[in-house]
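Quick notes on the structure that follows.
The values are calculated or read from the model by the stated rules, or taken from the named source; none is laboratory data. A quick note: this is a predicted structure, and the numbers were derived from the prediction, not measured. Counting neighbours? That spans all protein chains shown, and the Cβs are built from the backbone with ideal geometry, glycine included.
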Amino acid sequence: MPNLSSEKLEIARIIESKQEMCWKISDAIWSYAELGLEEYRSSKLLADTLEGAGFTVDRGVAGMPTAFVATFSHGTGGPVIGFLAEYDALPMLSQKAGHVKHNPVVPGAPGHGCGHNTMAAMQLLAVISLQQVMLKEGLNGTLKFFGSPAEEMLVSRPYMVRAGLFKDVEAVIDCHAWDEFSVAYGMEGAGLYSFVVHFKGQTAHSGSTPWKGRSATDAVELMHAGTERMREHLPVTHRIHWITLEGGEAPNVVPDRASTWYFIRDLDENLEGNYRWVMDCAKGAALMTQTTWDVKFLTAIHQRFGNKALAELIYENIKAIGKPKYTEQEEAFAKEMQEQNGYPVKGLEYEMKLGSPESRPFRAGSSDVGDVTLIAPTATIRYPAKVPGSPSHHWTVTSSARTSFAHKGITAGAKVAVFTAYDLMTRPELLTKIRAEFETLKKERPYRSFLPEDASPPIGWNTELMEKYRNKMEPFYLEP
Ligand SMILES: [Zn+2]
């Protein structure tokens, strides 16, 4: 790291002295592979570790048992810097670490196919290192570690924002496991509504007295048919997809209950209109089938608007740190993974870049970080922890998320986070610039939650699925 000041070189040494502990925590969370809102072990491990380090931990925040905020304050307590950490896994992506062919630890079980285990560890390493730096150098500031469950369901952040947890935060450093070392600013991704429509009808014998029944499943099918016809007339940026959650249990009983789970995605300004039209499809379907209906929201989130000044600062630190040095074995693992799975064989070659809205195509993925970007200036450090070419939400990511190569990504990402926060604490003019840019965004897009007032986090959504696998996974749990 030839581009670093002597202070930052010393800080890097502090980070390296704590990395091993955080790598182990990353691996343990990888082995728990807990689904959204079921991250009891993962969140406890993180919260306990932070509490042990002297952070004040508020558990079960915003109505979610696995959400928490850990705070450390020093001196005057300002600036207040937030760190977003995720730790939920994905269904069906169980995979043995470091294997280049599909080989689950427990077939069918969840796995860390988005690398969120490394993200929790990266932010943990960042804040405990910063805490030591602040104490040592007598720096003023407050660190807030936001333990954010269920990112894969896009659930926690809008509820955490609604609970006022980000109220005093002046800048937010977010992160994601990636196949490059980068940061981006400006509008990204799509806003999203996630909700379930339930229809209620009347059971009857489908053979002898079908006229006495009213089919809720018919209503679901008609609603889908209606929504399908909307597509032609929606903005090209829209995405609408659904799954039938419940659609009857036997053909000889007219189903009196059926439900469908929708994701509606689009630019923020189009979402409400699209949603109202989908509701018309639900109404129409109920009318046609003489059933009744209601809707329950799981979540509703905004697009992301990354802060440019903060992203530029992060990018300076990415360049100063540079890529981690990889061993021959790590390079060989990446190449083998690429070769076996049909990705371009280039080993651990990846870009270090500052992305802008002009430099990337519109992608309609979503993240609940969006709401945070509208509440405080935010940027996301994308650090290398996936083999280049391997797609997100895939077992190949589970495989690499517990390797020495991912560990190096954790440390590299943590260094960027720590150096960036250190810069904000020691060079107030940087924060002034970041805040000024944010004030402009706030005027353009004043924050209003998309959540209906009566929405609440869908606690228990994944309980049954998690219970199905927890016992089988337990023998493979790793000690932190
Ligand atoms: Zn993710």
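Points to keep in mind about this one:
- Residue within region 416-438 that is assigned to a loop (DSSP other than H, G, I, E, B), among the aromatic types (F, W, Y) and either in contact (Cβ under 8 Å) with a residue 24 or more places away in the chain or not assigned by TED's automatic domain parsing to the domain that holds V172 (or both) present: no
- Listed by first and then second residue, the pairs linking a residue in region 116-130 that is of a type in the set (S, T, Y) to a residue that is within 16 Å of the ligand (Cβ to nearest atom) and part of a helix (DSSP H, G or I), with Cβ atoms under 9 Å apart and 6 or more places separating them unless they lie on different chains, are T118/S26; T118/I29; T118/W30; T118/A406; T118/G409; T118/I410; T118/G413.
- Residue selection: E86 fails the criterion of being assigned by TED's automatic domain parsing to the domain that holds L165 and more than 16 Å from the ligand (Cβ to nearest atom).
- Residues that are of a type in the set (S, T, Y) and crowded, with 17+ Cβ neighbours inside 10 Å were ranked within region 325-352; the one that is nearest to P384 (Cα to Cα) is Y350.
- Residue in region 340-363 that is in a loop (DSSP other than H, G, I, E, B), in the same structural domain as E437 (by TED's automatic domain parsing), within 16 Å of the ligand (Cβ to nearest atom) and acidic (D, E) present: no
- Filtered by the rule that a residue be in contact (Cβ under 8 Å) with a residue 60 or more places away in the chain and either basic (K, R) or within 24 Å of R13 (Cβ to Cβ) (or both), region 143-170 gives L143, K144, F145, R157, R162.
- For region 168-226, the set of residues classified as buried (at least 21 other Cβ atoms within 10 Å of the Cβ), of a type in the set (A, V, I, L, M) and either within 16 Å of the ligand (Cβ to nearest atom) or more than 30 Å from A282 (Cα to Cα) (or both) consists of A171, V172, I173, A177, V183, A184, A190, L192, listed by residue number.
- Conditions (1) within 14 Å of the ligand (Cβ to nearest atom); (2) under 30 Å from M337 (Cβ atoms): number failed by V155: (2)
- Top-ranked residue in region 364-386 [being within 16 Å of the ligand (Cβ to nearest atom) and part of a loop (DSSP other than H, G, I, E, B); ranked as surrounded by the fewest Cβ atoms within 10 Å (Cβ to Cβ)]: G365
- Test: residue in region 130-144 that is out of contact with any Cys (no Cβ under 7 Å at 6 or more places or on another chain), within 16 Å of the ligand (Cβ to nearest atom), within 20 Å of V369 (Cβ to Cβ) and not in a loop (DSSP other than H, G, I, E, B): no
- Contact map, region 1-20: first residue farther than 18 Å from D423 by Cβ, second residue of a type in the set (A, V, I, L, M) and not in a helix (DSSP H, G or I), Cβ cut-off under 8 Å, separation 6 or more or different chains; the map is empty.
- Close contacts from region 369-398, counting a first residue that is over 29 Å from F450 (Cβ atoms) and a second that is among the acidic types (D, E), with Cβ to Cβ under 6 Å and a gap of 6+ residues or different chains, come to K386/D179; P388/D179.
- Checked across region 108-128, the condition of being away from the ligand (no atom under 14 Å from the Cβ) and either modelled with pLDDT under 95 or in a loop (DSSP other than H, G, I, E, B) (or both) holds for at least one residue.
- Here E330, E316, E351, E339 are screened, and the one residue that is farther than 30 Å from L192 by Cα and within 25 Å of the chain's Cα centre (by Cα) is E316.
- Whichever residue in region 394-413 is of a type in the set (G, A, S) and surrounded by fewer than 24 Cβ atoms within 10 Å (Cβ to Cβ) and, among such residues, is farthest from I381 (Cα to Cα): S404
- Exactly one residue among K18, K24 is more than 24 Å from the chain's Cα centre (by Cα) and assigned to a helix (DSSP H, G or I), and that residue is K18.
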